[in-house]
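Peer 1: Submitted below is the structure of interest, expressed as structure tokens.
The values are calculated or read from the model by the stated rules, or taken from the named source; none is laboratory data. Keep in mind the model is a prediction, meaning the values are calculated, not measured. Positions of Cβ are generated from backbone atoms using ideal geometry, with glycine treated the same way; all protein chains shown enter the neighbour counts. The area values use the complete protein model at the heavy-atom level, side chains included, leaving out ligands, DNA and RNA. Shrake-Rupley method; radii C 1.70, N 1.55, O 1.52, S 1.80 Å.
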Amino acid sequence: MVEIAIAGLSLVIWLYLLIARGQFWRTDQRLTEDVSPPSKVPSVAIVVPARNEADMLPISLRSLLSQDYPGDFFCVVVDDHSTDQTAAIAQQIAQDYQQNQQPDVPPGDRFTLLSAKPLPPGWTGKLWALDQGVRYAIQQWQPDYLLLTDADIQHSPQNLHRLIHRAVGDRREMVSLMVRLRCQSGWEKLLIPAFVFFFAKLYPFRWVNHPKRKLGAAAGGCSLIQRSALERIGGIAAIKDALIDDCTLAQTIKSSIPESSPSNKIWLGLATQTYSLRPYDGLEPIWNMVARTAYTQLNYSPLLLVGTLAGMAIVYLLPVVALMWGIVTGNLALVGISGLTYILMVLSYLPMIQFYQLSPLWSLCLPAIALLYTLMTIDSARRHWQGMGGAWKGRTY
């Protein structure tokens, strides 16, 4: 009876997740033009923090400078103490584009390269670089919106236009895209769709997008923010020490909007034509990506860590173990309950697998994937306890 009760608990949890967790498993929150177009095209300043991104910029920066946007837009790249040719390549790309595409506009009028100042105490490197780029852009151009984007993102030609369309037409102060992560190698196919799946379970997109719900979240690779909203919270300095900076920024902005405001607050969705160029050819880079912030997400709490590990075991691992045990012992009730739970688990993951255009068979691997992510979370806590948490591109926070 004990095993039946425990297996039943897992089934109840999955029924709750599928019915009452904001339909997190759906992939329908996408950037489309199903809102009213803006009557006036606003100006946009694009801010790109770049640290050792020489390999990415030839694609990512060109995609930004080539935006098919009818309004004024400007771009500032902040070289965050790179040790490669990031600065030189960024400058050369801007000059080449200017000569080949828009010879009538001086390079300095659309593109600026800044060198980040030394990192002060209490700041993370990316946010310090962003802060300098944002302050420069506001002082220089007074843009209506700021697009904060990573240096490893390839934007579709229409991406800026669609972001603005959503922000203005739907009265959103922040519009963020979970860009399509690279999903080519075996490890990427195994773990990357699950990364987005787990993120959506933690931050259901429909709840984030609902003006009446308090949950805020964003994907830092591509976030369009109304300048007035950023100034209202005190700029990037308001989140200067955040390791999970995207969600912290989104929550701060959403929480700062009065309930009486006509604004629909923030919006988060999946990108279909804007991609991350970052390769994850093996297990190690994916492991490091998750372990860098997993324990931060738990507020560095040992109690939350234990609860998370227990939850992952009950939700993802128990159904498979109970199913096998039921088959071995001939316990048909246990087989039925755990088998149904496993089917629900697989079905919940299928939309994300289909979104990444993979074989449905990958959805059968979700328990094994969950085990790997559980181990990454344990390793994240270990790194924090050993003073190695938050390590990224030569810095440890």
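Peer 1: Just subtract the alpha-carbon distance of THR83 and GLN297 from 0.36 nm times their residue separation and send over the number in nm, one decimal.
Peer 2: Full-extension gain reported as 74.0 nm.
Peer 1: In percent, how large is the relative contact order of the stretch 208-346, given Cα pairs closer than 8 Å and 6 or more residues apart?
Peer 2: Relative contact order comes out at 20 percent.
Peer 1: Which Cα, out of SER156, LEU305, VAL77, lies furthest along the positive dipole direction of the chain (beta carbon charges, K/R +1, D/E -1)?
Peer 2: Of SER156, LEU305, VAL77, it is LEU305.
Peer 1: OK, next. Kindly work out what percent of the DSSP beta bridges joining two residues of the chain are antiparallel, to the nearest 5.
Peer 2: Bridges in the chain are about 30 percent antiparallel.
Peer 1: Within the accessible area of the chain, what % is carbon and sulfur when the probe is 1.4 Å and the other protein chains stay in place?
Peer 2: 59 percent
Peer 1: Right, something else. Suppose R0 equals 45 Å. What FRET efficiency, 1/(1 + (r/R0)^6) with r the Cβ-Cβ distance, do LYS212 and GLN99 give to the nearest 0.05?
Peer 2: Calculated transfer efficiency: 0.35.
Peer 1: Quote the charge dipole size of the chain about the Cα centre in Debye, to the nearest 20; the model charges only the Cβ of Lys and Arg (+1) and of Asp and Glu (-1).
Peer 2: Value, rounded to 20: 920 debye.
Peer 1: How big is the charge dipole of the stretch 218-277 about its Cα centre, in debye rounded to the nearest 20, if each Lys and Arg gets +1 on its Cβ and each Asp and Glu gets -1 on its Cβ?
Peer 2: 120 debye
Peer 1: In the chain, what is the count of Lys pairs whose alpha carbons are under 23 Å apart, counting only pairs at least 8 residues apart or on separate chains?
Peer 2: Lysine pairs satisfying the spacing and distance rule in the chain number 21.
Peer 1: What residue among GLU259, GLU173, GLU53 has the largest mean-square fluctuation in a Gaussian network model of the chain, using Cα springs under 10 Å?
Peer 2: Top of the fluctuation ranking is GLU259.
Peer 1: For the Cα atoms of the chain, what angle does the longest principal axis make with the long axis of helix 318-329, in degrees from 0 to 90, nearest 10?
Peer 2: 20 degrees
Peer 1: May I ask you to rank PHE195, PHE205 by accessible area, largest first, using a 1.4 Å probe over the protein chains only?
Peer 2: PHE195, PHE205
Peer 1: Grab the Cα-Cα distance for GLN142 and ARG26, subtract it from 0.36 nm times how many residues apart they are, and report the gain in nm with one decimal.
Peer 2: Between GLN142 and ARG26, full extension yields 38.0 nm more.
Peer 1: Would you work out the relative contact order for the chain, in percent, from Cα pairs under 8 angstrom that are 6 or more residues apart?
Peer 2: Over the chain, the number comes to 22 percent.
Peer 1: May I ask you to give the solvent-accessible area per residue for the chain, in square angstrom, as obtained with a 1.4 angstrom probe?
Peer 2: Normalised by residue count, the accessible surface of the chain is 44 Å².
Peer 1: Sticking with this structure for a sec: Taking 2.2 N^0.38 Å as the expected size of a compact globular protein, what ratio does the Cα radius of gyration of the stretch 249-375 give against it, to two decimals?
Peer 2: Against the empirical 2.2 N^0.38 Å value, I get 1.39 for the stretch 249-375.
Peer 1: Hey, what angle do you get for helix 332-355 against the long axis of the chain, alpha-carbon based, 0 to 90 degrees rounded to 10?
Peer 2: Orientation of helix 332-355: about 10 degrees from the principal axis.
Peer 1: Right, here's the next one. In the Gaussian network model of the chain, springs joining C-alpha atoms below 10 Å, which of GLY235, GLY336, GLY221 carries the largest mean-square fluctuation?
Peer 2: Ranking GLY235, GLY336, GLY221 by mean-square fluctuation puts GLY336 first.
Peer 1: Between helix 186-202 and the chain, what is the angle of the helix's C-alpha long axis to the longest principal axis, kept within 0 to 90° and rounded to the nearest 10?
Peer 2: Helix 186-202 sits roughly 90 degrees off the main axis of the chain.
Peer 1: Could you let me know the centre-to-centre spacing of the stretch 129-202 and the stretch 254-319, using Cα atoms, in angstrom?
Peer 2: Here the answer is 15 Å between Cα centres.
Peer 1: Let me ask you something else. Relative to the Cα centre, what is the charge dipole magnitude of the stretch 235-315, using +1 at the beta carbon of each Lys and Arg, -1 at the beta carbon of each Asp and Glu, and rounding to the nearest 20 debye?
Peer 2: That gives the stretch 235-315 a dipole magnitude of about 120 debye.
Peer 1: Still on this structure: Nearest 500 deg cm²/dmol is fine: what mean residue ellipticity at 222 nm does the chain get from its DSSP H runs of n ≥ 4 alone, each adding -39,500 (n - 2.57), divided by its residue count?
Peer 2: Rounded to the nearest 500, it is -15500 deg cm²/dmol.
Peer 1: Same structure, new question: How would ILE233, ILE327 rank on accessible area, largest to smallest, probe 1.4 Å?
Peer 2: ILE327, ILE233
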